1. Could you please let me know if residue 98 is of a type in the set (Asp, Glu), over 19 Å from residue 171 (Cα atoms) and surrounded by 14 or more Cβ atoms within 10 Å (Cβ to Cβ)?
2. Taking the condition of being part of a helix (DSSP H, G or I) and surrounded by fewer than 18 Cβ atoms within 10 Å (Cβ to Cβ), how many residues in segment 147-180 meet it?
3. Could you name every one of the strands (runs of 3 or more DSSP E) located completely within segment 13-82 that has at least 3 residues being at pLDDT 95 or above, over 30 Å from residue 256 (Cα atoms) and of a type outside the set (A, V, I, L, M, F, W, C)?
4. Could you tell me which residue of segment 85-109 is modelled with the lowest pLDDT, considering only residues that are within 20 Å of residue 191 (Cβ to Cβ) and part of a helix (DSSP H, G or I)?
5. So, in segment 235-259, exactly how many residues are among the hydrophobic types (A, V, I, L, M, F, W, C) and surrounded by 18 or more Cβ atoms within 10 Å (Cβ to Cβ)?
6. Among the residues in segment 86-105, are any closer than 30 Å to residue 234 by Cβ and without any contact (Cβ under 8 Å) to a residue 40 or more places away in the chain?
7. So, of the residues in segment 186-225 that are β-branched (Val, Ile, Thr) and in a helix (DSSP H, G or I), which turns out to be surrounded by the most Cβ atoms within 10 Å (Cβ to Cβ)?
8. Any idea which of (1) crowded, with 17+ Cβ neighbours inside 10 Å; (2) under 30 Å from residue 49 (Cα atoms); (3) at pLDDT 90 or above is the one residue 183 doesn't satisfy?
Amino acid sequence: MQPLLKVENLVKHYAAKASSRSKEKLVALDGVSLSIASRTTVALVGESGSGKSTLALCLACLELPTSGRIWFDGIDITALDKTQLRQLRPQIQLVFQDPASSLNPRWTALEIVSEPFVVQQRFTRPDRIVRALQLLDRVAIPRRMAGRRIHELSGGQKQRIAIARALALEPKLIILDEALSALDCSVQAQISNLFLDLQSSLGLTCLFITHDFAMAAHLADQIAVMDRGRIVEFGSASQVSLAPRDAATRALVSATPHIAEPQAVLVDA
């Protein structure tokens, strides 16, 4: 079975700042290769600046790679023109770290979740309302809050609404880019449990981007570790978290006390 997403030797360069005298380019991605099977979750873990978010933007068709290939559901999306990319984008949804920055503050929760239907010109207005309410139910937002605006909601509620909006068009791939990192621990636990429930009930395929190795091990089937624009380690969540091979992976694991302990025992053995 072919993977839903396959990345081959992806490279992304950015031009140096205009104020810089150097002609060198910033290498954000340096030959990334990665595969994600359908109905699985891969966690992409790495320090800030390792290239995780750049990869997410390229996969979501919001940035053009400098070179390399991205295959999505058997289609080489790096070969598509702007019109074709626009048609493909609804199948890949991105949930950001700060939901407030991606949600219109003037709109209600119901309007925000209905927006994808309006943009894609799907369904009648009454049907859009029914479907949006069903999505709010799915992410555990009470219907009495459907008329509230973003400033009236907590951080966790905003993220639930962002997830509901991402689910609206029934995408084949959801990318969560540090979607839990701005939340406190108790809310992180609630949203991660919601994510696991959605993953099970909807059969989602997900790329979960984080710097939190413990959360990656909890949510993902497989873990890919990025360092300086490259994937330096890839394997099952248990394998990578308990027996890391690369130095960058070991540094991330050692910074996570409650999974560093099993690693030490395993090494001593």
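The values are calculated or read from the model by the stated rules, or taken from the named source; none is laboratory data. It should be emphasised that the depicted structure is a prediction, and the values quoted were computed from it without experimental measurement. Positions of Cβ are generated from backbone atoms using ideal geometry, with glycine treated the same way; all protein chains shown enter the neighbour counts.
1. On the way: of a type in the set (Asp, Glu): yes; over 19 Å from residue 171 (Cα atoms): yes; surrounded by 14 or more Cβ atoms within 10 Å (Cβ to Cβ): yes.
Taking the combined requirement at face value, the residue satisfies it.
2. If we filter segment 147-180 for residues that are part of a helix (DSSP H, G or I), which is where we start, we get 150-152, 155-167.
Okay, now just the ones that are also surrounded by fewer than 18 Cβ atoms within 10 Å (Cβ to Cβ), so 151-152, 155.
Selection size over segment 147-180: 3.
3. Answer list for segment 13-82: 67-72.
4. The selected residue is 100.
5. Final tally of qualifying residues: 6.
6. Here is the first cut: in segment 86-105, the residues closer than 30 Å to residue 234 by Cβ are 88-99, 102.
Remaining after also requiring without any contact (Cβ under 8 Å) to a residue 40 or more places away in the chain: 88-89.
Looking for residues that are closer than 30 Å to residue 234 by Cβ and without any contact (Cβ under 8 Å) to a residue 40 or more places away in the chain, one finds at least one in segment 86-105, hence yes.
7. Taking segment 186-225 first, the residues β-branched (Val, Ile, Thr) are 187, 191, 205, 209-210, 223, 225.
Checking which are in a helix (DSSP H, G or I) leaves us with 187, 191.
On the way: 187: 17, 191: 20.
Among those residues, the one meeting the criterion is 191.
8. Only one criterion is unmet by residue 183, namely (3).
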